[in-house]
1. Tally time: how many residues in the range 186-201 are out of contact with any strand residue (DSSP E or B) (no Cβ under 6 Å at 6 or more places or on another chain) and surrounded by 15 or more Cβ atoms within 10 Å (Cβ to Cβ)?
2. Does Y167 meet the test of being touching a residue at least 60 places away in the same chain (Cβ under 8 Å), surrounded by 14 or more Cβ atoms within 10 Å (Cβ to Cβ) and part of a helix (DSSP H, G or I)?
3. Of all residues in the range 171-185, count the ones that are in a strand (DSSP E or B) and crowded, with 19+ Cβ neighbours inside 10 Å.
4. Considering only the range 70-90, state which residues are more than 25 Å from Q48 (Cβ to Cβ) and either over 20 Å from the mean Cα position of the chain (by Cα) or crowded, with 19+ Cβ neighbours inside 10 Å (or both).
5. Name the residues in the range 6-53 that are part of a loop (DSSP other than H, G, I, E, B), modelled with pLDDT under 95 and among the polar types (S, T, N, Q), would you?
6. Looking at the range 51-79, I want the residues that are under 20 Å from Y35 (Cβ atoms) and have a partner that is within 14 Å of ligand 1 (Cβ to nearest atom) and among the aliphatic types (A, V, I, L, M) with Cβ atoms under 8 Å, at least 6 apart or on another chain. Which pairs are those?
7. Being within 13 Å of I185 (Cβ to Cβ), surrounded by 14 or more Cβ atoms within 10 Å (Cβ to Cβ) and among the charged types (D, E, K, R) is the filter; apply it to the range 39-69 and report the residue that is nearest to ligand 2 (Cβ to nearest atom).
Amino acid sequence: MSTMLTISAREKQSIPQGGIVIQEKPFVFILSSKYRTERCDFCFREGQLSKCSVCRYTYYCGRSCQKEAWAMHKLECQYLKAMSPRILPDTARLLARLMKILSKGGNSVKSYYTEKDFRTFKDLLSHYPEIKNDKSRMEHLSSLYGVLLDFFKGEALPDFVEFTGMYGRVCINSFSICNQELQSIGTGVYLASSIVNHSCKPNAVVTFEGTVLFMRALEVLPCLDWTQVTQHSIPYLVYIC
Ligand SMILES: [Zn+2]
Ligand SMILES: [Zn+2]
């Protein structure tokens, strides 16, 4: 799989207030199903839409979005058609897409946050032990696994342990994709951007244009040392949404 991410992070130079710290396309994303018939499944724009003629499940604002979306959508289209008119729950669709991406070489996709430092999906924290000991999360996980077994019609899926790792990485690291009115319209996993931590005193903010994430500085950020961030997981940058 070719690299699907563009990123511009600043290294060892100060970032002005409002300046872009990271700009990144999602590794995997979904449009919330409640906007399925109102927004383009690829760019999330509203307006005149046309359906995928095969599954009649996804809607697009035009030919170019449909064409760009096809690399991902071709991996789910036949299954969405088979389950019609039922709707796949959002988390299940995100995990279904993730499984397909990983099975097509997605583990080697790198998202750079400096010229030489990158993260892959496996670098995201999975919080496996906490999830394993959380009864309600494990129940949710088992039912999701059942939904996906049904969705993929008995195709071989990752085993339950591996699935738990995927679920953990997605739950802990996903961003709510908001529109300009700060309405959540989708969910995405952004590999490089997930290096930051939450804080009650944030110094950066995350906004979206379509599905592209922009992390901007809320104050002048002096000389970021990204190497320190990776090596010691120092919560240097934080975001709010
Ligand atoms: Zn579109
Ligand atoms: Zn389709």
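1. 2
2. When the stated conditions are applied, Y167 passes them.
3. 4
4. Q78, Y79, A82, M83, R86
5. Listed by number, the residues that qualify are T6, S8, Q13, S14, Q17.
6. Listed pairs, sorted by first residue: T58/A69; Y59/L49; Y60/L49; Y60/A69; C61/L49.
7. The extreme case among them is D41.
Conditions tested, residue by residue: (1) farther than 19 Å from S174 by Cα; (2) within 16 Å of ligand 1 (Cβ to nearest atom).
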{"residue": "Y57", "(1), (2)": "yes, yes"}
{"residue": "K67", "(1), (2)": "yes, yes"}
{"residue": "M72", "(1), (2)": "no, yes"}
{"residue": "A92", "(1), (2)": "no, no"}
{"residue": "L102", "(1), (2)": "no, no"}
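The values are calculated or read from the model by the stated rules, or taken from the named source; none is laboratory data. Keep in mind it's a predicted model, so treat the numbers as computed, not measured. Positions of Cβ are backbone-derived with ideal geometry, glycine not excepted, and every protein chain shown enters the neighbour counts.
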